[in-house]
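Rule-based calculations on the coordinates, nothing more; no lab input. Everything numeric here is computed off the predicted structure, so don't read it as measured data. Ideal geometry is used to build each Cβ from the backbone, glycine not excepted, and the neighbour counts take in all protein chains shown.
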Amino acid sequence: MIEITKFNGDSFTLNALLIEQIQSFPDTTITLTNGKIIVVKESEQEVVTLVNSYYEMIGIKGWQKKVGECNES
């Protein structure tokens, strides 16, 4: 879980495993796997850093691969 801030100043905890994508429009917009969109105060890089720290903490950092890196036999 990561703690982030909505634009109204309210902090909340988000399950980072539900994040599908993070974009800057220029506001940081997080799209979840269920289609919900959240706009937050943190920069895109700050959210990515929080997510990576969370993945490392729960032991899954490094197992995910970027598109195109898959070795198919």
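Taking each residue of the range 1-29 that is assigned to a loop (DSSP other than H, G, I, E, B) and looking for partners that are among the hydroxyl-bearing types (S, T, Y) with beta-carbon atoms closer than 8 Å, six or more apart or interchain, yields M1/T13; M1/Y54. Restricting attention to the range 1-54 and to residues that are charged (D, E, K, R) and out of contact with any Ser or Thr (no Cβ under 9 Å at 6 or more places or on another chain), the residue that is surrounded by the fewest Cβ atoms within 10 Å (Cβ to Cβ) turns out to be D10. Total residues in the range 35-57 satisfying the condition of being over 13 Å from L17 (Cα atoms), outside any strand (DSSP E or B) and not hydroxyl-bearing (S, T, Y): the figure is 7.
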